[in-house]
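J.: I have a structure here, written as structure tokens, and I will follow up with some questions on it.
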Amino acid sequence: MSRVTKDYRLGETVVHALKGIGLEIGVGEFVAVWGPSGSGKTTLMNLIGVIDEPTTGVLLFNGKETSRLSDDEKSELRNESIGFIFQQFSLIPVLSALENVMLPLQIKGIPSAEVKRRSIQRLEQVGLTEFLKHRPDKLSGGQQQRVAIARALIPSPYLIIADEPTANLDSETATKIIDLMRSLNRKEGTTFIFSTHDERLLGNVDRRIHLRDGRILES
Amino acid sequence: MWTDAYTYEMDAFWRVEKTAMVTWFKIAFRNLIKNKRRSFVTALAISLGYAAVNLFGGFTTYIYNGNREASIYLAFRGHLNVFKKGFLKEGQLDPRSYLLSAADIEAVEDICREIPETLLVTPQLNISGLISNGKVSTIFIGQGIVPSSIDVFLNRTTLINLVDIGRNALVDDKDYGVAVAYDLAHMLNLGVGSYAVAMSTTVDGQMNALDMEVFQLFEANSKQLNDKFMRVPFSFAQKLYDTKSADRLVILLNKAERTEFVRAQLERAFAQKGLKLDVKTWIEQSEWYRRVKEMFDVIFLFLFTIVFVIVVMSIINTMSVAVLERTREIGTLRALGLKRRGIMLLFAIESSLLGFGGTLFGIFLSFLGWWWIDFFRPTWTPPGVVTRIPLKIEFVPEFFGISFLILMALCILTSMIPARGAAHKNVVDALGHV
């Protein structure tokens, strides 16, 4: 991304969330975006995840300028190339763990039998073999986040965006989740970008992007 | 080019959606179950509306069928009436010029023999005048009908099971024997076996009077006619008017649906043979039927509009709340790559499941109402009818089918209003929704 800015309008006030960000993230990197609350971490993650658009500047994903894509093309890009892990886990409450993981491939239109096989494999990978049929409300926070990780991994995306994935977890579970993400990054070469304000989770990353007041202090 | 691109895109959409459809149904169904009370209330509103439309539709069909049969069979007017051209406008002023001659009648009968739908062709002559018991006189109107044709009409209607019209007592070879409506008979203190005199002017304008014997008393089709109506043998009417003619030929068909077809055939044949005759259908002849149908059609439209509004409001309310509650879920699905159309499809499925459940329960309620009426057989007195008759609700599968399709379409289209808003919501805002 080059000279990216993002402004929000809150009533009469314009908030400059990002102020001329320039950043390049390579394939297979394990990147932490950190900084205090309000520093612009989530805004940056949303832009990289193509669920938001910059006010100015250029954002390229695999060489494609995202602002030139239609809404449907962005949806396809997210479905095929980007996995999301959210702070609130954001699982569909009426679906089981397995059904939640199956979603991205079903959206893509892949036949059910294959989707099921691959989803079970992913859930095994995150250690949830025994919880395939459990609904989210029957899982602990850590287990829900593992389901979310399996769901993010299922389409074998280039990039996984994790916005404060450990914010709602205790420190032991948070470390386990980061370790799991790291091992998947090493094993599969998937690029991970996660945001956090917890400096204790930064020890095991390839690269830190330190944000403050919408600007990168360290990259 | 644009069309090709659009078609390709839609094909791709449905290819993708087909594989995900089971999941969308699962999500929709489970969300409906999750919000049991809300779903039940909405489905109940749909089912009550659906049952109301079906039952009222069945009731109006019963009314229409009853009035149709009354017009065709109980009034002995058949499906088609043939008149001399101009009779309906000028016939009262100059009856001699506008009556059907024996040659006309024969020509029409010949034509009808070639039409397989024809069941009966019979001449009739309406008369009017004064009736007297020797002490008191009053006006009457009478239908001159061939007595032996009466049973042909009565044998083809089920209404005789509902209305006490009595058995036919007129006979062809006793042309002095007449049937008198109850109130008219009461006014003149006549009973079966009583004698009276009918007076009228002939077609030439001379006074004429005939003795008659009351063979039968009967309820006229309407209260207004009951104190002045008589049914007399056709030959009696001819004698009173001193004519060998008829004012109409009544044609009874084996199927009411063929009325317009036969009318067209007759008109073609009359034109070919140079006959100056008019053909009128039973609907054109029965103003009562047309008015009643128009009135019930308006009431039905009114009812359907109310149901329409209730269903639309219920669905919009339910789906709006669902969209509001699941905004974060919508954001998640969009982030996972579901397109806007997919979100709309998801809510359309949910709404159509509600509609389907509602109409399914509505079918049950309709049958319950239908069974109740069939079991308890309530009676009523329709406007213009003299006696109480059983109230019925016809079972009309077309009503069930058409109102089902309309309600389902309504549910899906209505859900599009909140669903469209949800689909176009900014993904980041949706994800951040609390």
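J.: Taking the Cα centre of segment B:334-434 as the origin and placing charges on Cβ (Lys, Arg +1; Asp, Glu -1), which of B:Ala430, B:Cys411, B:Ile349 is farthest toward the positive end of the dipole?
T.: With unit charges placed on the Cβ atoms, the residue in question is B:Ala430.
J.: Would you work out the relative contact order for chain B, in percent, from Cα pairs under 8 angstrom that are 6 or more residues apart? If you can, show how the numbers build up before the last one.
T.: Values: 677 pairs, mean separation 112.7, N = 434.
Answer for chain B is 26 percent.
J.: Considering Cα pairs under 8 angstrom that are at least six residues apart, work out the relative contact order of segment B:76-285 and quote it in whole percent. Numbers along the way, then the final one.
T.: Working: 414 pairs, mean separation 74.4, N = 210.
This gives 35 percent for segment B:76-285.
J.: Net charge around A:Gln88, counting only other residues with Cβ within less than 13 Å of its Cβ (Lys, Arg = +1; Asp, Glu = -1)?
T.: Values: positive: B:Arg328; negative: A:Asp163, A:Glu164, B:Glu329.
Every neighbour counted, the sum reads -2.
J.: Can you compute 3J(HN,Hα) from phi for each residue in segment A:110-120, using the Karplus curve 6.51 cos²θ - 1.76 cosθ + 1.60 with θ = phi - 60°, rounded to whole Hz and x for Gly and Pro?
T.: 7, x, 4, 4, 5, 4, 5, 4, 5, 5, 4
J.: Explain nothing, just the number: dipole magnitude of chain B about its Cα centre with +1 on each Lys and Arg Cβ and -1 on each Asp and Glu Cβ, in debye rounded to the nearest 20. Mind dumping the intermediate values first?
T.: Details: 46 positive and 41 negative charges, 443 e Å.
In debye, rounded to 20, chain B gives about 2120.
J.: From the residues A:Ser90, A:Ile120, A:Ile209, which one has its Cα farthest along the dipole of chain A in the positive direction, the dipole being from +1 and -1 charges on Cβ of Lys/Arg and Asp/Glu about the Cα centre?
T.: So the residue furthest toward the plus end is A:Ile120.
J.: Please compare each pair in B:Lys85/B:Lys273; B:Lys84/B:Lys174; B:Lys174/B:Lys276; A:Lys133/B:Lys34; A:Lys108/B:Lys26 to a cut-off of 24 Å on the Cα-Cα distance and tell me which ones are over it. All intermediate terms of the calculation are to be shown ahead of the outcome.
T.: Values: B:Lys85/B:Lys273 14 Å; B:Lys84/B:Lys174 28 Å; B:Lys174/B:Lys276 33 Å; A:Lys133/B:Lys34 17 Å; A:Lys108/B:Lys26 17 Å.
Table pairs above 24 Å Cα-Cα are B:Lys84/B:Lys174; B:Lys174/B:Lys276.
J.: Please arrange A:Tyr158, B:Tyr195, B:Tyr73 by counting, for each residue, the other beta carbons lying within 10 Å of its beta carbon, fewest first. Don't jump to the answer; show the numbers that get you there.
T.: Values: A:Tyr158 17, B:Tyr195 12, B:Tyr73 24.
By the 10 Å Cβ count, ascending: B:Tyr195, A:Tyr158, B:Tyr73.
J.: Related question: When only DSSP loop residues count, what GluC sites (Glu not before Pro) in segment B:96-159 have their Cβ near at most 11 other Cβ atoms within 10 Å?
T.: B:Glu114
J.: Anyone know which of B:Leu80, B:Leu253, B:Leu336 comes out most mobile in the 10 Å Cα GNM of chain B?
T.: B:Leu336
J.: For each of A:Val27, B:Val307, B:Val192, count neighbouring Cβ atoms within 10 Å of the residue's Cβ, then give the residues from fewest to most. Each step should come with its number before you reach the end.
T.: Values: A:Val27 10, B:Val307 23, B:Val192 13.
So the ranking, lowest neighbour count to highest, is A:Val27, B:Val192, B:Val307.
J.: Based on Cβ point charges of +1 for Lys and Arg and -1 for Asp and Glu, what charge dipole magnitude is obtained for chain A about its Cα centre, in debye rounded to the nearest 20? Don't skip to the answer; put the middle values down first.
T.: Details: 28 positive and 28 negative charges, 69 e Å.
The calculated dipole for chain A is roughly 320 debye.
J.: In addition: For segment A:148-216, report the translational diffusion coefficient in µm²/s to the nearest whole number, using Stokes-Einstein at 25 °C, 0.890 mPa s, and a Kirkwood Rh over Cα pairs.
T.: On the way: Rh = 12.8 Å.
Result for D is 192 µm²/s.
J.: When only C-alpha pairs under 8 Å and at least 6 residues apart count, what is the relative contact order of chain A, in percent? Don't skip to the answer; put the middle values down first.
T.: Working: 410 pairs, mean separation 69.3, N = 219.
The value is 32 percent.
J.: Only four residue types carry charge here, +1 at the Cβ of Lys and Arg and -1 at the Cβ of Asp and Glu. Report the dipole size of the protein assembly as shown about the Cα centre in Debye, rounded to the nearest 20. Each step should come with its number before you reach the end.
T.: Numbers: 74 positive and 69 negative charges, 346 e Å.
In total the dipole reaches around 1660 debye.
J.: Separate question: For a quick check, take a GNM of chain B with Cα springs below 10 Å and name the residue from B:Glu267, B:Glu350, B:Glu69 with the largest mean-square fluctuation.
T.: Judging by the Gaussian network model, the answer is B:Glu267.
J.: Further, regarding this structure: Just round it to a whole percent: the fraction of Cα-Cα distances in segment B:26-94 exceeding 17 Å. Walk me through the intermediate numbers first.
T.: Values: 1655 of 2346 pairs.
In whole percent, the long-distance tail amounts to 71.
J.: Which of the peptides A:104-112, A:75-83 is most tightly packed, and how do the rest follow, going by the mean number of other Cβ atoms within 10 Å of each residue? Each step should come with its number before you reach the end.
T.: Working: A:104-112: 19.8, A:75-83: 22.0.
Output ranking for A:104-112, A:75-83: A:75-83, A:104-112.
J.: Now for a different question. Mean residue ellipticity at 222 nm from the helices of the protein assembly as shown, using -39,500 (n - 2.57) per DSSP H segment of n ≥ 4 over the full residue count, to the nearest 500 deg cm²/dmol? Intermediate values should be presented prior to the final figure.
T.: Details: 21 runs with 321 residues, N = 653.
When only DSSP H runs of four or more count, the value is -16000 deg cm²/dmol.
J.: Still on this structure, please answer the following. For the protein assembly as shown, state what percent of all Cα-Cα pairs lands in each successive 20 Å bin, counting from 0 Å until the bin that includes the largest distance.
T.: Each 20 Å bin holds this share of Cα pairs: 15, 30, 18, 16, 15, 6, 0.
J.: With the alpha-carbon atoms as the only input, what is the per residue convex hull volume for chain A in Å³? List each step's numbers first, then the result.
T.: Numbers: hull volume 28.1 nm³, N = 219.
Taking only Cα atoms, chain A has a hull volume of 128 Å³ per residue.
J.: Each residue of segment A:148-153 in order: what ³J(HN,Hα) in whole Hz does its phi give by Karplus 6.51 cos²θ - 1.76 cosθ + 1.60, θ = phi - 60°, with x for Gly and Pro?
T.: My calculation for segment A:148-153 gives 4, 5, 4, 5, 5, 7 Hz in order.
Values quoted throughout were computed directly from the atomic coordinates according to the rules given, and no laboratory measurement underlies them. Computed from a predicted structure; not experimentally measured. Neighbour counts run over all protein chains shown; Cβ positions are idealised from the backbone, glycine included.
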